[in-house]
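For reference, the structure is listed below as structure tokens.
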């Protein structure tokens, strides 16, 4: 039996509403999944790592302890189960052997803490977490937050690249990752982006340096590009 015009319109309307609800549900689900996927966690980003703490004993440079050694050499190292410590006059670097996270502390002429920041060992120009400045009394006078504007932390950026470059990592025995990023404190109108490059065996290091760009908000892979190294004789 043929469907009259009114019944047809009602049926069509119900079908369209059902489709719209289904599309809306899918979009909401995808949005939630994306947010859950890229929410920074302590487990991934190591926000609770003890290296990010400013400890009482780090507030003052122990000149009596180090002066006799520093009088004989400009720099020396101490090695414990977890950390390697590098010491120079008025400067200390503490590096976690496992994570390669490094804390650098500078002291003033009165041996009081002056400046402190964090980075990954092989990426000295890319600061992680927060940078602190202190006055003569050890009071924090300025803080720079390098997580500002980023949903993707340094560890997540490397993890994403590890998945993208899995074949190269296995083929060339890659175990070192270099980080750089757009600093939104310096360039507030720029798009937050991570750049990751790698270091492996001699064969890989002889190739042009490959950079992987990762969106600092969504974690999406943007592109790769190569930079040719030219050696002058």
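Within the group 118, 61, which residue is modelled with pLDDT of 95 or more and under 30 Å from residue 220 (Cα atoms)?
It is 118.
Evaluate the following for residue 87: is it modelled with pLDDT of 95 or more and more than 29 Å from residue 198 (Cα to Cα)?
On the way: modelled with pLDDT of 95 or more: yes; more than 29 Å from residue 198 (Cα to Cα): no.
Criteria not met by residue 87.
So residue 123 clears everything in (1) assigned to a loop (DSSP other than H, G, I, E, B); (2) surrounded by fewer than 17 Cβ atoms within 10 Å (Cβ to Cβ); (3) touching a residue at least 12 places away in the same chain (Cβ under 8 Å) except one condition, right? Which one?
Going through the list (1) assigned to a loop (DSSP other than H, G, I, E, B); (2) surrounded by fewer than 17 Cβ atoms within 10 Å (Cβ to Cβ); (3) touching a residue at least 12 places away in the same chain (Cβ under 8 Å), residue 123 breaks only (2).
Assess whether residue 116 counts as being in contact with a strand residue (DSSP E or B) (Cβ under 9 Å, 6 or more places away or on another chain) and in contact (Cβ under 8 Å) with a residue 40 or more places away in the chain.
On the way: in contact with a strand residue (DSSP E or B) (Cβ under 9 Å, 6 or more places away or on another chain): yes; in contact (Cβ under 8 Å) with a residue 40 or more places away in the chain: yes.
Taking the combined requirement at face value, the residue satisfies it.
Working carefully through the options 87, 128, find the one that is within 30 Å of residue 224 (Cα to Cα), in the same structural domain as residue 50 (by TED's automatic domain parsing) and assigned to a strand (DSSP E or B).
Details: 87 fails: within 30 Å of residue 224 (Cα to Cα).
It is 128.
Under 6 Å between Cβ atoms, which residue pairs at least 6 apart in sequence (or on different chains) link something in the range 42-55 that is in a loop (DSSP other than H, G, I, E, B) with a partner that is loosely packed, with under 11 Cβ neighbours inside 10 Å and modelled with pLDDT under 85?
Taking only residues 6 or more apart or on different chains, the pairs are 48/42.
The values are calculated or read from the model by the stated rules, or taken from the named source; none is laboratory data. Just so we're clear, the structure is a prediction, and the values are computed from it rather than from any experiment. Reconstructed Cβ throughout: ideal geometry from the backbone, glycine too, with neighbour counts over all protein chains shown.
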